[in-house]
Amino acid sequence: MLELKGVTRHFGGVRAVDGLDLLVPEGCIFGLIGPNGSGKSTTVNLITGLFPLTAGTILFRGERLDDLPTHRRLQKGIARTFQNIRLFGRLTVWQNLWVAQNSPEDRARRSFFARWLGGRRRARDEIAHLLEFSGLAHKADEFAANLSFGEQRRLELARALAARPRLLLLDEPAAGMNSEEIGQLRERILALRARGITILLIEHVMELVMGVTDRIAVLNFGQKIAEGSPAEIQADPVVRKAYLGGGAT
Amino acid sequence: MDFYFGLIQLIGVHTLLGLSAYIVLLTGQVSLAQAAFYAIGAYVSGMLTVLAEWHIVPALAVGGLAGAAAACAVGFPALRVKGLMLVIATLAFGEGVRIFFFNFDYQIAKGDIKVGPLGGEGFRQIRFFPENGWTTFDVMLFIWLFVVLVMALLWWFDRSRYGAVLRAVGEDEVAAQSVGVNLTAVKVSAMTVGGAIAGIAGCLYAHYTTHIEHASFNVLVATFAIAYPIVGGLQSVFGTLAAVVFVQGFLVEGLRELGDWRNLLFGALIVLAMNLRPQGLFWRRGA
Amino acid sequence: MKKLALAVALALAAGGTLAQEKTVRISGFGAKTGPVRSFGINSEAAMLAAADLINKGGGVRLADGSKARIVVDFYDDACNAEQGISVIRRIAGTDALVAIGPTCSNVAEPLFGILQKKVDDPGDTGLQFPVFTDVAIKIGLARISEWAFRNVPNEMTMYSSLFYWLRQKYPDLKTVWGGVEEDFAHSRTTWHVVMKDRATANNFQVLGESKWLLADTNFATQVREMKKANADIIAISAHPFSMCGALKEMQRQGVKPKVLVGLTSSSSLETLQGCAKQAQGMIIPTSFAPVNKEAKFAAEQTAKFKGTADLHSMAAWENMFILKQVMESERISGDKSQIQADRRKIRDGLAKLKVTKGLLGDTKRTDDREADKPYLFVQARGNEWVVLHNPL
Amino acid sequence: MLDFLQAVSDGVLFGATYALIGIGFTLVFGVMHKINMAYAAASIGAAYSGLLLLEVMAGAPPAAVFACAFLAGGLLGWVVYLACFHFIPLSHPLATLMSTVGMLLLIDEVVVHATDGMPQNYPAMFDDVMLHAGEFTLRGDLLLVFGVCVAAMACLLALLYRTRLGLATRAVSQQPIAAQLCGIQVAQVNAITFVITGLLGGLAGAMIGASVGTLSPLLSGPLTVKGLVVTVIGGLGSIPGAIVAGLLVGGFENVFQLYRGVTERDLYVMLLLFAFLVFRPGGIFAPRGGRD
């Protein structure tokens, strides 16, 4: 589904991501972990095109993405959430989702004739469905800035889904959640996979990563130091040393 | 009574000028180039009615298009910069256009006098309205026809998905990009619509004052253009209208009887207004 | 529309009769804010002083033989075209019969533009209200409308005479160099259209000019050009701020022309306030100086109302007396219901005038509603402008 | 060639005043990430305040007038901070921008009312000194202005990089939240920044008055525009950048005035700005690409 070949990004003298190769198969939940500053978020920004690549190529369903601007990549089917929540605070919950309907199907539906054929009603139905899925239906007309932290996280996820992604990049979705909320998040992630969405999960919370992922890659200093199933990664001594620190057992 | 009609004309033209900045401000861009589009609309349409003897309506359309074209052309390079850099880049563009008109001569003989723009001396006798028997009241209606049209258009934008997209870009460009919004298209389109509105406003300005010159389009005018929506608040188009009424109707015209104190109060009241209502005067409870 | 105005006027008239005393209103307007604020202040003072004097003498005689007191009010237009238009509409909406103003040429142009171009042209809906300008001096403005009149000096005549006099007095001077404030309509026109032309006509050779802008601060390059040209006469067409900057730079670079000529608007207190030392010896033609009893008296009266007498404010003073005379000779009714008729009478009266009385002597009025005022040449000496020569 | 050199040297010397105004903009931007549009007007206002000394004490030496303007500038800086920054929440940057515009109009109008808009003679030092080298000349008073500007910049840099206050200022400009957590009172540092820029502005205003020889409220508009241009060319927040950009703009505009005339001069300054925006948007001393 998604393939990174020798992806490199330098900031001045710092090699934030250095020759990263990654293959995310269709329909899987792929975990990307690593210590702070290991280049995880940069990788997401490179995949979505917020930063240009210094070197390497990114393939999505066999197509090169390197030169496409961010919004075009979304239209190809790559959506994301942000580590630090970035909602449109002065838009309502409903509008946040409305703005995000940018998939080719939605765009076609907004053309002049399609509108008369009920395109708008279908867009509304879809938003209603997403609100239901994220448990935000009762807050539809609230300004996003007025939501609680957990609700904002859910809205971010819903907003990414509004673009009908094939690949979803989740950048630390569990940060700041309690274990009950993490449980709900796990349910949602599994439900999404069941719908056929491939997921790249970047996460610190091991409870979540080890529980849902099919495969995990570990980054350190911008390089991949290990890849394998959750069990293999947990057993890998290199990972334990780099990630958990020397003192961990 | 003519005085009130005249004042309503003035408020109408300034509202259009403010609305031209309003739509651009929604996308989070502070543009000081609106005075330039205003100038372009004024000069182009003035030349059409005076030199080519066109009717005001087609001249107004061409003036609006010229403003839009200039704004579209500025929109692309202006996208390279943000925030303060954009403010100053657009300010530089505005000053550039003003200096262009300062150096721009194009006169033809008409009867025993020469008409047309003459550099630093300006462009006089743009008298389409009085020469064709339009009363102050007619002109007021004509101006407000456009104010209502533009306000209705922008109000409809605000309720449509396009308006939500504009505001989303204004809130967070990175997030907007990441949910698939084409930043270039949105910003340039907002700039272009703003340019068209400013061009129309400029055309109306030129014809109701009958005389324009480079100094009528200086930085202060550009600042007023963004001041109206900011003072009024960006929640709706009515904020801009409220601010124009506050500034032109109250601070400028209403306080005229105060004589000497008027201009001192002008600045002080703007400072006070922004301290008391930083979201703008016209802002309902909510976010 | 007219009916409404009439109704308003009637209502006002009904209120007026209760007050018993008859009044005629003359409105002034000009800049009382911004860098040219002193102009507005002085004009207002001169108008108030003149009205006070007229009222003490019994006021204005109306058609029915009764007397009316003159009421003056003054509006600030901030030297801004849109505000000027608003102000004149506001004045036209009151019971004022005529207005005196504005200060700035860039306000006068659009203002005259919204007036009716030709009287009795039913196709022209321009405002029908007489304006009698005291300050805005850019050449040829009254031509814009038949409702516009000016009592400002005619620069063409004044500079013609000045260069003629210089030619006679200093036969060995040959060359002229200009200094011009390029972005202000008046100063720019005065150099390019008036001074240059008049100097050439009097057999001076114009070598060229240095240009600067209204708010410029660095004049080194321009003055260097001036120095290279080494002309006998330097004529500066600029307002006091940039003129002072240029004069100071000339002093530094040691540019000492044999004769220094200035812009007529600069023959005011402002120049002396800004750079009296550097302006020493500058010759300016002006339509006012306190040279005779009447002129001194006018200056004293104006000073009582905290204004300074200069060529601008004294034009406002003269306008008040001219208007009194026109109102009386045209037998205006002073009746608030006849406002439009009275305004028209005043316009026609002003248009009929061939000669008016001025502080320095009789002023000829031209067919295009401009004045040909008597003038003097004054020179900056010490801290005042002293009369150098009276060409008339 | 001589003309060219002369134009450059005159312009660069005068550019020192642009540099001072540019520093004021850039410092406030560095610390608060906001523009203080009232800055140039406040500087001119402070220079006018210096004249008050001559009212009370006729014949006061020019240096005393400058000192008075310097102090008045600091006071005005504090007033501007209180009126336009202190009470307006950080989440409304546009309101702050607008209130500084209101302040600009207010200061200008106060000056106009106090002087009836008439230009005021301003004292200068060494204004009768001219240094000659053949045809080439340098103005003594401009050299003094240049010297004072350079000294002021040196003091400012020393203050920023050698004192605890400077450290706090730089901390706030880089990481306001972290600085707050470290016990730095952000509001206080902001206020002090305004006072410091105000002092500099007062000095700049006095130097401008001295080098022109005359003060007018007309000055504040063009100076605001030039100051902003200098700030961008120098790179937002960069003090050395503002200094070099000020001198560059001064020299550049004078050269174009020489060759293209005064009516087109500012057009070329704007083109210079565009060139920087396109090719070097980070300003003269921009680091080559930073993170985010």
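The values are calculated or read from the model by the stated rules, or taken from the named source; none is laboratory data. Small disclaimer: the values here were computed from a predicted structure and weren't measured. In this analysis, Cβ positions are derived from the backbone assuming ideal geometry, glycine residues included, and neighbour counts consider all displayed protein chains. Remember, those area values only see protein heavy atoms, side chains included, never the ligands or the DNA or RNA. Shrake-Rupley method; radii C 1.70, N 1.55, O 1.52, S 1.80 Å.
Annotations
- Residue in the stretch A:21-30 that is out of contact with any Lys or Arg (no Cβ under 9 Å at 6 or more places or on another chain), assigned to a loop (DSSP other than H, G, I, E, B), surrounded by fewer than 23 Cβ atoms within 10 Å (Cβ to Cβ) and in the same structural domain as A:Ile225 (by TED's automatic domain parsing) present: no
- Only one of the numbered conditions (1) under 18 Å from the mean Cα position of the chain (by Cα); (2) assigned to a loop (DSSP other than H, G, I, E, B) is violated by C:Leu392, and that is (1).
- Among the residues listed as A:Leu65, A:Leu32, A:Leu23, the single one being under 16 Å from A:Lys224 (Cα atoms) and either acidic (Asp, Glu) or without any contact (Cβ under 8 Å) to a residue 40 or more places away in the chain (or both): A:Leu23
- Test: residue in the stretch B:14-32 that is in contact with a Gly (Cβ under 7 Å, 6 or more places away or on another chain), within 11 Å of another protein chain (Cβ to nearest Cβ) and open to solvent by 40 Å² or more (accessible area, probe 1.4 Å): yes
- Any hit, the stretch A:103-125, residues being open to solvent by less than 10 Å² (accessible area, probe 1.4 Å), touching a residue at least 60 places away in the same chain (Cβ under 8 Å) and not aliphatic (A, V, I, L, M): yes
- Hits in the stretch B:163-182 (condition: within 7 Å of chain A (Cβ to nearest Cβ), in contact with a helix residue (DSSP H, G or I) (Cβ under 7 Å, 6 or more places away or on another chain) and in a helix (DSSP H, G or I)): B:Ala164, B:Val165, B:Arg167, B:Ala168, B:Gln177, B:Ser178
- Considering the stretch C:129-169, and only residues there that are in a helix (DSSP H, G or I) and charged (D, E, K, R), the residue that is most open to solvent (accessible area, probe 1.4 Å) turns out to be C:Arg143.
- Residue pairs whose Cβ atoms lie under 7 Å apart, separated by 6 or more positions or on different chains, with the first residue in the stretch A:159-187 and within 17 Å of A:Ile85 (Cβ to Cβ) and assigned by TED's automatic domain parsing to the domain that holds A:Ile29 and the second open to solvent by less than 70 Å² (accessible area, probe 1.4 Å) and of a type in the set (Phe, Trp, Tyr), are A:Asp171/A:Phe82.
- Residue within the stretch D:276-285 that is open to solvent by less than 20 Å² (accessible area, probe 1.4 Å), in a helix (DSSP H, G or I) and of a type in the set (Val, Ile, Thr) present: no
- Criterion applied to C:Ala279, C:Ala220, C:Ala215 was being touching a residue at least 40 places away in the same chain (Cβ under 8 Å) and either among the aromatic types (Phe, Trp, Tyr) or not assigned by TED's automatic domain parsing to the domain that holds C:Lys357 (or both), and the one residue passing it is C:Ala279.
- If you go through the stretch D:105-122 and keep only what is open to solvent by less than 30 Å² (accessible area, probe 1.4 Å) and more than 7 Å from every other protein chain (Cβ to nearest Cβ), you end up with D:Ile107, D:Val111, D:Thr115, D:Tyr122.
- Any hit, the stretch D:144-157, residues being under 22 Å from D:Leu200 (Cα atoms), surrounded by 15 or more Cβ atoms within 10 Å (Cβ to Cβ) and within 14 Å of chain B (Cβ to nearest Cβ): no
- Sole exception among (1) within 22 Å of D:Leu144 (Cα to Cα); (2) modelled with pLDDT of 90 or more; (3) buried (at least 24 other Cβ atoms within 10 Å of the Cβ) for D:Val8, by number: (3)
- Residues satisfying the stated conditions in the stretch B:58-74, i.e. more than 14 Å from every other protein chain (Cβ to nearest Cβ) and in contact (Cβ under 8 Å) with a residue 60 or more places away in the chain: B:Ala59, B:Leu60, B:Gly63, B:Gly64, B:Leu65, B:Ala66, B:Gly67, B:Ala68, B:Ala69, B:Ala70, B:Ala71, B:Cys72
- Qualifying residue in the stretch C:370-381 (condition: under 19 Å from C:Phe112 (Cβ atoms) and surrounded by 22 or more Cβ atoms within 10 Å (Cβ to Cβ)): yes
- Flag for C:Asp124 being in the same structural domain as C:Ala96 (by TED's automatic domain parsing) and either open to solvent by 20 Å² or more (accessible area, probe 1.4 Å) or assigned to a helix (DSSP H, G or I) (or both): no
- Answer from B:Ile88, B:Ile40 - the residue that is away from every other protein chain (no Cβ under 12 Å), part of a helix (DSSP H, G or I), within 22 Å of B:Lys187 (Cα to Cα) and β-branched (Val, Ile, Thr): B:Ile40
- Residue, nearest to the other protein chains (Cβ to nearest Cβ), within the stretch D:225-237, restricted to residues that are touching a residue at least 24 places away in the same chain (Cβ under 8 Å) and open to solvent by 10 Å² or more (accessible area, probe 1.4 Å): D:Leu236
- All helices (runs of 4 or more DSSP H) inside the stretch C:225-307 with 1 or more residues being closer than 23 Å to C:Ala46 by Cβ and away from every other protein chain (no Cβ under 14 Å): C:293-304
- Residues located in the stretch B:218-253, provided they are farther than 30 Å from C:Asp183 by Cβ and β-branched (Val, Ile, Thr): B:Val237, B:Thr240, B:Val245
- Filtered residue count, the stretch B:99-142, keeping only those that are more than 10 Å from chain C (Cβ to nearest Cβ) and either open to solvent by less than 20 Å² (accessible area, probe 1.4 Å) or part of a helix (DSSP H, G or I) (or both): 9
- Residue count for the stretch D:238-270, restricted to those that are within 10 Å of another protein chain (Cβ to nearest Cβ) and closer than 28 Å to D:Met32 by Cα: 3
- Test: C:Arg89 is more than 17 Å from C:Trp191 (Cα to Cα), within 14 Å of another protein chain (Cβ to nearest Cβ) and buried (at least 21 other Cβ atoms within 10 Å of the Cβ): yes
- Test: residue in the stretch B:228-250 that is out of contact with any strand residue (DSSP E or B) (no Cβ under 7 Å at 6 or more places or on another chain), within 12 Å of chain C (Cβ to nearest Cβ) and surrounded by fewer than 21 Cβ atoms within 10 Å (Cβ to Cβ): yes
Residues are listed down the side, and each one gets a yes or a no for (1) within 19 Å of the chain's Cα centre (by Cα); (2) at pLDDT 90 or above; (3) within 30 Å of B:Asp2 (Cβ to Cβ):
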site: B:Pro77; (1), (2), (3): no, no, no
site: B:Gly94; (1), (2), (3): yes, yes, no
site: B:Phe102; (1), (2), (3): no, yes, no
site: B:Trp134; (1), (2), (3): no, yes, yes
site: B:Val150; (1), (2), (3): yes, yes, yes
site: B:Leu154; (1), (2), (3): yes, yes, yes
site: B:Ser160; (1), (2), (3): no, no, no
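- Selection status of D:Leu90, within 30 Å of C:Val223 (Cβ to Cβ) and either open to solvent by 30 Å² or more (accessible area, probe 1.4 Å) or of a type in the set (Val, Ile, Thr) (or both): no
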